[in-house]
Structures are given as structure tokens and as C-alpha cells.
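Working notes, beginning with the structure itself.
The values are calculated or read from the model by the stated rules, or taken from the named source; none is laboratory data. Just so you know, these numbers come straight off a predicted model, no measurement behind them. As a convention, Cβ positions derive from the backbone with ideal geometry for all residues, glycine included, and neighbour counts pool all protein chains shown. When the accessible area is computed, the model is the full protein with side chains, heavy atoms only, and any ligands, DNA or RNA have been set aside. Shrake-Rupley method; radii C 1.70, N 1.55, O 1.52, S 1.80 Å.
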Amino acid sequence: MNPELRVLAKRYAQALQEYVAGRGEAALQEACDLGRQALGDGVGVHDMAAIQHRALLRSLMRVRTREESSSTLRAASRFIVESLLPFEMSHRKSQEVNAALRESEERYRSVVDTARDIIYTLSADGKIMSMNPVFETVTGWSRTEWIGKDYLPLVDPDDRPRAAEIFQAVLKGQVPPLFELGVRAKSGFTIPSEFVATPLTRGSRIVGVLGIARDITDRKSAERALRHLNEALEEEVKRIAHALHDEAGQLLASVHIGLADVARDMPPPTAKRLEDIRGLLDKIEEQLRHLSHELRPTILDDLGLGPALEFLADGVSKRTGLSITVEGSPGKRLPAPTETALYRIVQEALTNVTKHAQATRVYIKFMRNRRFLRGVIRDDGMGFDVPAVLTRRGSRGLGLTGIRERLHAVGGTLDIIATPRGGTQLILTVPVEADNAESDSPR
């Protein structure tokens with residue numbers, strides 16, 4: 001017996017002897033404390049039984065009569081039970097923890113197995129450790145074909161460099177925002193998918209990646225349909241704008257010529273009245289020209305988004321009295337659908353400001369890096385409750401919904417920061433391709 005057990009055995013024997021001698025509850029408390037100490041020191045049940053056996057033999061060797069022997073055995077029985085209570089409580093708590101753990105694992109497994117998204121784990125060297133059953137439903141692959149294999153061959157070849165970059169970032173403890181990758185199906189098709197990935201930890205050490213992937217084929221189809229609809233609407237708007245600018249302009253020019261001819265044959269007072277009418281026609285022509293440019297400014301097609309936004313801001317500022325500042329630059333030319341979408345978004349945002357915000361200033365800024373174009377539209381108006389406006393039916397709610405849909409159609413996202421009486425910020429983020437960034441020629 002090691003020295004620690006000897007000390008414990010000596011204290012146990014002394015406490016048992018005191019209890020047999022009639023010390024009562026204090027001795028029983030000592031028994032419980034000794035059991036708790038033994039449990040904390042890692043003493044096993046077998047060692048505890050040996051200590052109790054030796055202590056009981058010593059107590060029985062001191063008795064002289066059968067009655068004393070029976071009394072000692074009864075007292076020792078209570079003392080032994082009390083000393084084993086900490087062990088019993090620990091065992092019961094362990095059983096409860098294990099039962100709760102099993103229940104939690106079963107609940108987690110049920111959630112994972114019935115989820116509509118692919119849930120997977122990767123080891124630190126990029127091997128697939130687990131995938132839920134929906135992987136088979138979405139991709140057509142069997143999980144057994146991929147467990148233990150590298151994940152990269154599952155990714156569309158064009159997306160593999162970015163997938164590897166994101167994987168390494170997650171292993172360093174970073175949590176990237178939502179990102180999209182193509183996933184190879186067994187049929188050979190590529191499934192557009194949206195991912196979220198977080199570090200998989202064991203203790204304080206990162207041992208892999210936990211990820212969720214969602215099939216966004218339907219969303220991509222809806223975005224393409226919306227993009228085609230917007231393009232068709234833009235063509236119609238362009239036709240109307242040209243009709244206003246060219247046909248209406250030609251008619252007004254003819255009216256001007258006709259009035260000039262009539263005025264020459266009229267007395268001066270009548271000629272003066274006709275001249276006043278010509279002045280009104282000039283104002284109508286100017287308004288039609290502004291309306292035509294705002295419907296579809298030719299400057300957007302000829303010079304790009306930056307000059308078109310400055311032209312738009314100048315026109316809105318003159319009509320409404322708002323102070324509108326345009327800063328930054330979208331950089332190189334963007335695809336025509338993206339430039340059109342961003343122009344319409346800023347136009348809709350300014351319409352919302354003039355109708356609802358009671359603002360005096362609007363600030364518009366665009367910044368571009370290698371992969372994204374970010375824009376900020378900020379006003380100093382009365383602000384609003386974002387969830388309430390987005391969920392109710394109304395002109396402003398529909399305007400923000402339209403902005404979000406236009407952004408989604410070109411792969412962008414919208415963040416809204418607004419508080420009642422605290423102004424509003426719309427933050428636009430649109431992906432840009434490197435090849436597009438290299439071209440700045442007018443189209």
C-alpha cells in the first residue's frame with residue numbers, strides 16, 4: 001500500500017472506531033468527507049473496499065461479547081455506506097451526463113441526417129471525414145466513394161484555386177463570409193452551391209473544417225430570369241427614352257418653326273403672346289430631354305457608370321434641392337447589365353430619399369478592389385425601422401426589395417444600416433471579374 005493510502009486507511013480506521021464508540025453524526029460526516037477525498041485523489045472502489053475491510057477487522061478485534069459484535073457490524077455498515085456515497089453520486093452523475101450526451105448526439109445526428117443542406121467535415125490535410133445523406137441526393141455520388149479522399153476533385157476545376165485558398169484561411173482560424181463554388185455531380189454537371197465554413201476544433205487546436213453547402217441551382221435560374229427581364233425592360237425604357245428625345249424633339253422643333261412663321265404675319269401684341277408660348281415649349285423640351293436622359297442616359301452607354309451617376313445626381317439635386325456628393329470611382333468598365341443595375345439602384349435610392357427621408361444631404365461613394373465593387377449611399381434623414389419596412393407593403397418597402405432583387409440578379413448583396421432619426425446607409429457589394437477590370441473602352 002502506498003503512503004497516501006496508508007494515511008487514508010489510518011484516518012478511516014480512526015473515524016470508524018469513533019463512530020462505533022458513539023460519536024454519531026459527526027463521525028458519519030467524517031466518513032463522507034473521507035469518501036469524497038478518496039474520490040478526488042483517484043482512489044478506486046477496490047482500494048476503498050480493502051481499507052474498509054481492514055478497519056472493520058480492527059474494530060471487531062476489540063469487541064468482547066456477541067452483542068458488541070452485532071452493534072459494531074451495524075454501525076460499520078452505516079459508516080461504510082456513508083463513505084461510499086460520493087462514489088455512488090459520482091457514478092449517478094456520470095450516468096446522467098452520458099445519457100444527456102447520448103441524447104445530444106442522437107439529436108445532432110437526426111438534425112444532420114435530415115438537413116436539406118450538405119453538412120461535411122474535412123481533416124487538416126483536406127480529406128473528407130464525413131458527409132450527411134443529402135450529399136448523395138444532391139450530387140448522385142455515394143458517400144463511400146468520397147470518405148477519406150481529397151475534397152478538391154469534387155470542386156469545379158475553375159473554382160479549385162479559390163476553394164484551396166479559403167480552406168487554408170479557415171485552418172488559420174478565419175471564418176470567411178458566404179462564398180459560392182461549383183460542385184461536380186456524378187452526372188458530370190456542375191451544381192452551383194453556396195458555402196459557409198468554420199474551423200473544426202478539438203480543445204483549443206484546429207483539426208479541420210466544418211462546412212455547409214446549399215444547392216442554389218433554383219436561385220441561379222431565378223436570377224438569370226430576373227436578369228433577362230431587367231434587360232428586356234431596359235430595352236423598352238431605351239426605346240421610350242429615344243422616342244421622347246428624338247420623335248418628341250422633332251415634333252417640338254416643327255411646332256417652333258410653325259409658330260415662327262405665324263408670328264411674322266401677326267401684329268406685335270399677338271406675336272409677343274406666341275413668343276411666350278415658344279418659351280413654354282422650350283421648358284417642355286428641356287424637361288423631356290432631362291426625362292429622356294434619366295430614363296436611359298446615353299452617357300451611361302458612352303462613358304460608363306461614374307459620369308452617369310454624376311449626371312443623375314446633378315439632375316436630382318437641381319429638382320429637389322438635395323445636396324448630393326458623388327465620390328470615388330467604379331474603376332474600369334463593368335458589364336453592361338451590372339452598370340445598368342447599379343445606375344437603377346442609385347436612382348431608386350435617391351427617389352426613396354426625396355420621398356421619405358426628409359434629408360438635406362446624400363453621399364454616394366464607390367470603391368473597387370480586385371474582386372469586389374462596393375458602394376455606399378448615405379443620407380442624413382430620419383432613418384427607419386429596417387425589419388418593419390422590409391416586411392410591410394408600401395412604396396419604400398417595395399423600393400428596397402427592388403434594389404435587393406436588382407443586386408441579386410448581378411450576384412451582389414445589400415446591407416442596410418438605419419435607425420429611426422439616425423439616417424440611412426445602403427451598402428452595395430458586387431463581384432467583378434478581373435478581365436472586365438482591364439477594359440475601359442466605351443461601348
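Within the shell defined by Cβ-Cβ distances under 14 Å, the residues around L39 carry a net charge of -3, with Lys and Arg each +1 and Asp and Glu each -1. The structure-derived value of semi-axes √(5λ) of the Cα gyration tensor in Å appears in the list (i) 78, 27, 17; (ii) 31, 27, 24; (iii) 83, 28, 17 under the label (iii). Distance from the C-alpha centroid of the stretch 116-173 to that of the stretch 277-349: 46 Å, rounded to the whole angstrom.
Cross-link partners for K127 among the aspartates and glutamates, with Cα-Cα distance under 13 Å and sequence neighbours closer than 8 places in the same chain left out: E145, D150. Relative to the longest principal axis of the Cα atoms of the chain, the long axis of helix 395-409 lies at roughly 80 degrees. Summing Lys and Arg as +1 and Asp and Glu as -1 over all other residues whose Cβ lies under 14 Å from the Cβ of F366 gives a net charge of +3.
Helix-only arithmetic for the chain: the sum of -39500 (n - 2.57) across DSSP H runs with n ≥ 4, divided by the residue total, places the mean residue ellipticity at 222 nm at -19000 deg cm²/dmol. The Cα center of the stretch 1-61 and the Cα center of the stretch 176-212 differ in position by 57 Å. Each residue of the stretch 71-85 was assigned a 3J(HN,Hα) from its phi angle through the Karplus expression (A = 6.51, B = -1.76, C = 1.60, θ = phi - 60°), giving 5, 5, 4, 5, 5, 5, 4, 5, 5, 5, 4, 5, 6, 8, 4 Hz with x at Gly and Pro. For the chain, the longest principal axis of the alpha carbon atoms and the long axis of helix 268-295 meet at an angle near 30°.
Near A248: Cβ cut-off under 14 Å, other residues only, Lys/Arg at +1 and Asp/Glu at -1. The net charge is -2.
Mind telling me which of T72, T351, T190 comes out most flexible in a GNM of the chain, alpha-carbon contacts under 10 Å? Result for the chain, Cα springs under 10 Å: T72 fluctuates most. GNM remark for the chain: springs join alpha carbons under 10 Å apart, and the peak mean-square fluctuation among R58, R184, R264 falls on R58. The mean accessible area for residues of the chain, using a 1.4 Å probe and ignoring ligands and nucleic acids, is 59 Å² per residue.
The angle between the Cα long axis of helix 249-264 and the longest principal axis of the Cα atoms of the chain comes to about 30 degrees, rounded to the nearest 10.
Heavy-atom surface analysis with a 1.4 Å probe gives the chain a carbon and sulfur content of 55 percent of its accessible area.
Think of the stretch 252-378 as a dipole: +1 on every Lys or Arg Cβ, -1 on every Asp or Glu Cβ, centred on the Cα centre; then among G304, P268, P330, P330 lies furthest on the positive end. Cross-link pairs exceeding 25 Å between alpha carbons, from the set K332/K355; K318/K365; K272/K318; K172/K220: K332/K355; K272/K318; K172/K220. For a test of the definition: using alpha carbon positions, the gyration tensor, and the 1.5 limit on a/c, classify the stretch 276-411 as rounded, prolate or oblate. Judged from the Cα gyration tensor, the stretch 276-411 comes out oblate (a/c at least 1.5, b/c at or above a/b). Relative protection proxy for 17-30, 166-179, from highest mean packing down: 17-30, 166-179 (other beta-carbon atoms within 10 angstrom). Under 5 Å between amide hydrogens, built in the peptide plane, is the criterion, and for V207 it picks out L200, T201, R202 among residues at least 5 positions away or on other chains. Among 312-319, 341-348, sorting by the average number of other beta carbon atoms lying within 10 angstrom of each residue, highest first, gives 341-348, 312-319.
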